[in-house]
Amino acid sequence: MLKLNEISKGIIEGDNEAVLELVKKALDDNVSAKEILDRGLVPGIRKVGELFGAGEYFLPELLVSGEAMSGALKILEPELTKTKVKPVGKFLIGTVQGDVHNIGKNIVAMMLKGNGWEVTDLGVDLTPREFCSEVEKGDYDILGLSALLSMTMPAAVETLEALKKAGLRDKIKVMVGGAPTTQEWADKAGFDGYAADAPTAVEVAAALIGES
């Protein structure tokens, strides 16, 4: 029978084709989608995060492993939906107004999904009003704001202020990240969490809802 650590190994090596074949084979062998996720995919992507954090993996490796993870999740999603696996939490994410860069945001979203989060990705170049509208109508635990340019950092703060003015600030935790942002800046601006990279974002998100 297929060993789930082979799936983990495929994720770590960024072998998209092998991972897809192994996931399909596991399903054919009547291994549950949740078991494939918990014992195959998640350990693999967590190891990738550790390697990235240790400076042994870089952005290219993170991207190819992320692609393998995303492909596997697409196969498992219908099965996971059927079994109604309860997500760790609900995460809303998007890039702030004036910023159309999405690589960092996409990696964070992928890693959150791989760690059991239900993620809603609003896309890029979003106004404070658009973020507020989605927060108001949804039941999200965390809002993640991505600012990849120093000139768009004020837009992240404006979004935070817009949530306060709309009476929504107490409804949701707000995280921020992006190349020019820092922990000091995030703390001063009043964000609940800050992450310098995707693996850290997963850890901070879990801590914010008491799952760490």
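Rule-based calculations on the coordinates, nothing more; no lab input. Please read all numbers here as calculations on a predicted model, not as lab measurements. Every residue, glycine among them, receives a Cβ derived from its backbone with ideal geometry; neighbour counts consider all protein chains shown.
Assign unit charges at the C-beta atoms only (+1 for Lys and Arg, -1 for Asp and Glu), then state the dipole size of the chain relative to its Cα centre in Debye, rounded to the nearest 20. Present the calculation step by step, with values, prior to reporting the outcome.
Values: 23 positive and 33 negative charges, 110 e Å.
That gives the chain a dipole magnitude of about 520 debye.
Lys137 to Glu158: FRET efficiency via 1/(1 + (r/R0)^6), r the Cβ-Cβ distance, R0 22 Å, to the nearest 0.05?
0.60
Placing +1 on the Cβ of each Lys and Arg and -1 on the Cβ of each Asp and Glu in segment 90-208, which of Thr181, Thr152, Cys132 has its Cα farthest towards the positive end of the resulting dipole?
So the residue we want is Cys132.
Restricting the calculation to Cα positions, tell me the Rg (one decimal) and the Dmax (whole number) of segment 112-174 in Å.
11.8, 34
Please give the charge dipole size of segment 4-83, origin at the Cα centre, charges +1 on K and R Cβ atoms and -1 on D and E Cβ atoms. Round to the nearest 20 debye.
The dipole of segment 4-83 has a size of about 260 debye.
Report, in order of residue number, the helices in the chain meeting two criteria: a C-alpha extent of 30 Å or more along the helix axis, and a mean Kyte-Doolittle hydropathy of at least -0.5; treat each whole DSSP H run as one helix.
Numbers: long enough: 59-83 (34 Å, 0.33).
What comes out of the filter, once short or polar helices are dropped, is 59-83.
Express the relative contact order of segment 93-205 as a whole percentage, based on alpha carbon pairs under 8 Å and six or more residues apart in sequence.
29
Please give the contour-minus-distance gain from Glu13 to Glu79: 0.36 nm per residue of separation, less the Cα-Cα distance, rounded to one decimal in nm. All intermediate terms of the calculation are to be shown ahead of the outcome.
On the way: separation 66, 0.36 × 66 = 23.76 nm, distance 2.51 nm.
Length gained, Glu13 through Glu79: 21.3 nm.
Count the net charge of all other residues whose Cβ sits under 14 Å from the Cβ of Gly138, scoring Lys and Arg as +1 and Asp and Glu as -1.
-3
How much length would be gained if the chain were fully extended between Lys165 and Glu67, taking 0.36 nm per residue of separation minus their Cα-Cα distance, in nm to one decimal?
31.4 nm
For the chain, what mean projected area does the convex hull of the alpha carbons give, in nm²? Spell out each step's value before the answer.
On the way: hull surface 45.5 nm².
Result: 11.4 nm².
Among 50-57, 140-147, 105-112, 122-129, what's the highest-first ranking by average C-beta atoms within 10 angstrom per residue?
Packing order, densest peptide first, comes out as 140-147, 105-112, 122-129, 50-57.
In nm, to one decimal, how far is the Asn5 label point from the Glu203 one, both placed 7 Å along Cα→Cβ?
That separation, rounded to one decimal, is 2.4 nm.
Let me check I've understood the local charge: for Gly55, count other residues with C-beta under 13 angstrom from its C-beta, Lys and Arg +1, Asp and Glu -1. What total comes out?
The answer is -4.
Full extension from Gln183 to Glu130: what is 0.36 nm times the residue separation minus their Cα-Cα distance, to one decimal in nm?
16.6 nm
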